[in-house]
1. What spacing in nm lies between the two simple spin-label points modelled at Gln128 and Asp19, each 7 Å away from Cα in the Cβ direction?
2. Could you point to the residue in Ala9, Ala135, Leu280 farthest towards the positive end of the chain's charge dipole, with +1 and -1 charges on the Cβ of Lys/Arg and Asp/Glu respectively?
3. Take the chain, mark every one of the GluC sites (Glu not before Pro) that falls in a DSSP loop and has at most 11 other Cβ within 10 Å, then report the longest stretch left between them, sites excluded.
4. Show me, bin by bin at 10 Å from 0, the whole-percent P(r) of the range 138-289 based on Cα pairs.
5. Label-point separation (nm) for Lys271 and Gln138, each offset 7 Å from Cα along Cα-to-Cβ?
6. Once you charge only the Cβ atoms, +1 for Lys and Arg and -1 for Asp and Glu, what is the size of the charge dipole of the chain about its Cα centre, to the nearest 20 debye?
7. Going by alpha carbons, how many degrees (0 to 90, nearest 10) lie between the helix axis of 126-140 and the longest principal axis of the chain?
8. If you scale each eigenvalue of the Cα gyration tensor by 5 and take the root, what three semi-axes come out for the chain, rounded to whole angstrom and sorted largest first?
Amino acid sequence: MIDRPAIAAARQQLVARPDFLRTTPLMRLSGRSLGVDCAEVWLKLEHLQVGGSFKARGMLYRLLANPVPDSGVIIASGGNAGIAVAAAAQALGVRCEVFVPEVSPEAKRQRLRALGAEVVVTGAAYAQAYEACVARQQATGALQAHAYDQPEVVAGAGTLALEIEEQARRLPDSVLVSVGGGGLIGGVAAWVESRARVIALEPERAPTLHAARTAGQPVDMEVGGIAADSLGARRIGALGWAVSQRHVHDALLLPDDAIRAAQLWLWKELKLAVEPAAALGLAALQTGTYRPAPHETVALILCGANFDPASLC
């Protein structure tokens with residue numbers, strides 16, 4: 001189980017690399033300015049993190065906490081985790097190989113190559129890319145990083161919530177978290193525990209946590225939709241699932257059109273260019289899928305920005 005001491009330990013190692021990780025801004029706005037009937041909305045601008053997503057935290061910690069062989073590090077990723085591993089590997093001077101599914105955007109593949117990673121495109125979805133990655137790791141002995149289901153990855157993600165609490169000098173009343181494989185919500189919920197509500201948000205076409213809660217255990221799902229490149233894991237990770245059973249208040253679903261509308265709103269109104277996965281929190285507020293109380297402070301995590309900005313036009 002990932003817990004607050006594990007996240008604090010991750011933070012200790014990560015702050016030793018201030019040349020790599022960034023302390024991302026916390027934008028605090030009135031609920032009214034976003035058209036929401038609540039006291040405040042906090043936007044954690046994690047899309048400004050190294051590599052363009054929160055993944056840099058867990059991936060750097062994975063590499064710092066383990067010896068990396070000459071064959072380097074290897075990962076299967078829809079894009080963001082691979083970019084984070086590639087950036088960390090470049091900073092540490094180690095080799096990196098990334099397996100991406102065919103659904104991954106070309107913009108993310110180009111970014112991986114620019115960071116010096118060897119990119120292998122294989123499989124229609126993440127699951128097939130992951131199988132190919134495992135076979136390659138067994139042949140080379142490279143250190144394998146997992147996009148969302150390793151203790152270092154989840155604990156590293158949890159440092160984001162720790163940072164929010166430090167910046168605001170308190171926790172919000174609720175935190176809305178986009179969910180793919182469960183690494184981010186596992187880390188956030190493990191830090192927050194019962195001190196605030198943690199709400200999981202998923203696209204209707206990629207409901208892995210919602211389906212697991214309904215079934216009482218992780219189950220495989222067919223996934224697709226606007227955010228599939230980031231939130232397209234077919235099954236919730238074991239670590240994220242374990243934490244969510246204890247500390248996640250609810251799991252809500254959002255349609256693609258609401259996610260897209262929120263993504264465009266963030267750009268047009270706040271000039272924040274984020275990928276669809278980062279827009280679920282605002283979509284939940286704008287659609288009333290999550291209805292905060294008038295006195296409530298809500299935190300949204302803008303988790304990534306690895307997409308083609310031309311799509312905002």
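Bear in mind that the values in this text are calculations on the coordinates, not laboratory data. On a predicted model such as this, the values are computed, not experimentally measured, just so you know. No Cβ is skipped: glycine too gets one built from the backbone with ideal geometry, and neighbour counts run over all protein chains shown.
1. According to this spin-label approximation, the distance is 4.1 nm.
2. Value computed over the given set: Ala9.
3. That would be 103-221.
4. All Cα pairs, binned at 10 Å, distribute as 12, 39, 37, 10, 2 percent.
5. 5.2 nm
6. 520 debye
7. Once rounded, one gets 30 degrees.
8. Here the semi-axes work out to 28, 21, 19 Å.
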